[in-house]
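Beneath this line is the structure, given in structure tokens, with notes to follow.
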Amino acid sequence: MDVMRAVLLGPPGAGKGTQADLIREALGVPHISTGDLLRTAVREGTDLGIQAKGYMDRGKLVPDELVVGLIRERLAGDAAGGFLLDGFPRNVAQGETLEQLLQETGVALDHVVSLAVPDGELIDRLLGRGRSDDTESTIRERLAVYEGETAPLCEFYRDRSLLREIDGLGTPEEISRRIMSRVN
Ligand code: ADP
């Protein structure tokens with residue numbers, strides 16, 4: 001199989017991280033999660049972490065320039081060998097930046113997998129997860145940010161014939177089978 005470059009898209013709680021863990025081995029590519037990279041930076045108390053924390057605690061997007069710096073570093077190493085991006089891009093400006101970064105390297109995305117899950121189910125899952133940014137008011141804000149800023153990326157990728165919409169309800173295994181059947 002050829003090298004694969006894919007993006008996982010979907011609201012908070014849609015199961016992007018779970019699916020990334022299940023499918024990255026099958027695809028043989030590294031999983032790059034901006035949320036995980038940012039949480040590590042916060043834990044380690046780096047400059048980036050200190051700047052990002054307030055946004056994350058409030059459910060806001062971290063400013064593009066901070067996140068783009070992180071992703072640029074990772075993609076420099078991984079773009080050639082393929083990757084599974086989770087949490088980036090998160091708005092159309094980041095989508096355009098990603099396109100440009102990949103163009104500079106002479107590669108392109110193969111698939112954008114969009115996981116669809118109804119809001120009520122998302123809230124139940126996030127409240128059950130109990131991460132520090134999983135309080136009810138932060139969850140509401142993150143869902144609103146998703147609708148306003150991230151969901152427009154579906155149109156952006158549909159225009160590029162990259163969007164693969166997947167039903168995100170079911171067991172993790174069922175969902176990963178749906179994904180694999182669309183990207184293989
Ligand atoms: P979830 O998908 O559950 O919202 P993530 O781990 O993807 O969780 O993200 C957690 C937080 O990290 C977001 O609410 C946001 O503050 C920040 N973040 C992650 N990725 C990005 C990004 N690409 N741009 C801006 N902020 C981001």
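The values are calculated or read from the model by the stated rules, or taken from the named source; none is laboratory data. Nothing here was measured: the structure is a model prediction, and the numbers come from that model. Quick reminder, even Gly has a Cβ in these numbers, built from the backbone with ideal geometry, and neighbours come from all protein chains shown. Ligands, DNA and RNA are stripped out before the accessible areas are found, and what is left, the full protein with its side chains, is counted by its heavy atoms. Shrake-Rupley method; radii C 1.70, N 1.55, O 1.52, S 1.80 Å.
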### Query
Mind checking which pairs have a first residue in the range 120-146 that is under 14 Å from A14 (Cα atoms) and a second that is of a type in the set (D, E, K, R) and assigned to a loop (DSSP other than H, G, I, E, B), Cβ under 8 Å, 6 or more apart or different chains?
L126/D134; L127/D134; R142/D133
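Here is a yes/no grid of residues against (1) open to solvent by 70 Å² or more (accessible area, probe 1.4 Å); (2) over 16 Å from the mean Cα position of the chain (by Cα); (3) under 24 Å from R58 (Cα atoms):
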residue: S132; (1), (2), (3): yes, yes, yes
residue: S137; (1), (2), (3): yes, yes, yes
residue: L143; (1), (2), (3): no, no, yes
residue: C154; (1), (2), (3): no, no, no
residue: R158; (1), (2), (3): yes, yes, no
residue: S161; (1), (2), (3): yes, yes, no
residue: G168; (1), (2), (3): no, no, no
### Counted residues, the range 22-41 - those being over 16 Å from I71 (Cα atoms), part of a helix (DSSP H, G or I) and open to solvent by less than 80 Å² (accessible area, probe 1.4 Å)
4
### Any chance A108 is surrounded by fewer than 13 Cβ atoms within 10 Å (Cβ to Cβ) and outside any loop (DSSP other than H, G, I, E, B)
no
## Note on the structure
D133 vs (1) modelled with pLDDT of 95 or more; (2) closer than 26 Å to V92 by Cβ; (3) assigned to a loop (DSSP other than H, G, I, E, B): all pass except (1)
### Message
If I ask for residues that are open to solvent by 10 Å² or more (accessible area, probe 1.4 Å) and not aliphatic (A, V, I, L, M), which ones from the range 89-105 would you list?
### Response
R90, N91, E96, T97, E99, Q100, Q103, E104, T105
### Query
In the range 58-88, how many residues are more than 7 Å from the ligand (Cβ to nearest atom), open to solvent by less than 70 Å² (accessible area, probe 1.4 Å) and not in a strand (DSSP E or B)?
12
### Query
Would a scan of the range 117-125 turn up a residue that is at pLDDT 95 or above, open to solvent by less than 50 Å² (accessible area, probe 1.4 Å), away from the ligand (no atom under 14 Å from the Cβ) and on the phi < 0 side of the Ramachandran plot?
no
### Query
Which condition breaks for I175 when tested against (1) touching a residue at least 60 places away in the same chain (Cβ under 8 Å); (2) surrounded by 15 or more Cβ atoms within 10 Å (Cβ to Cβ); (3) within 20 Å of T34 (Cα to Cα); (4) within 16 Å of the ligand (Cβ to nearest atom)?
(3)
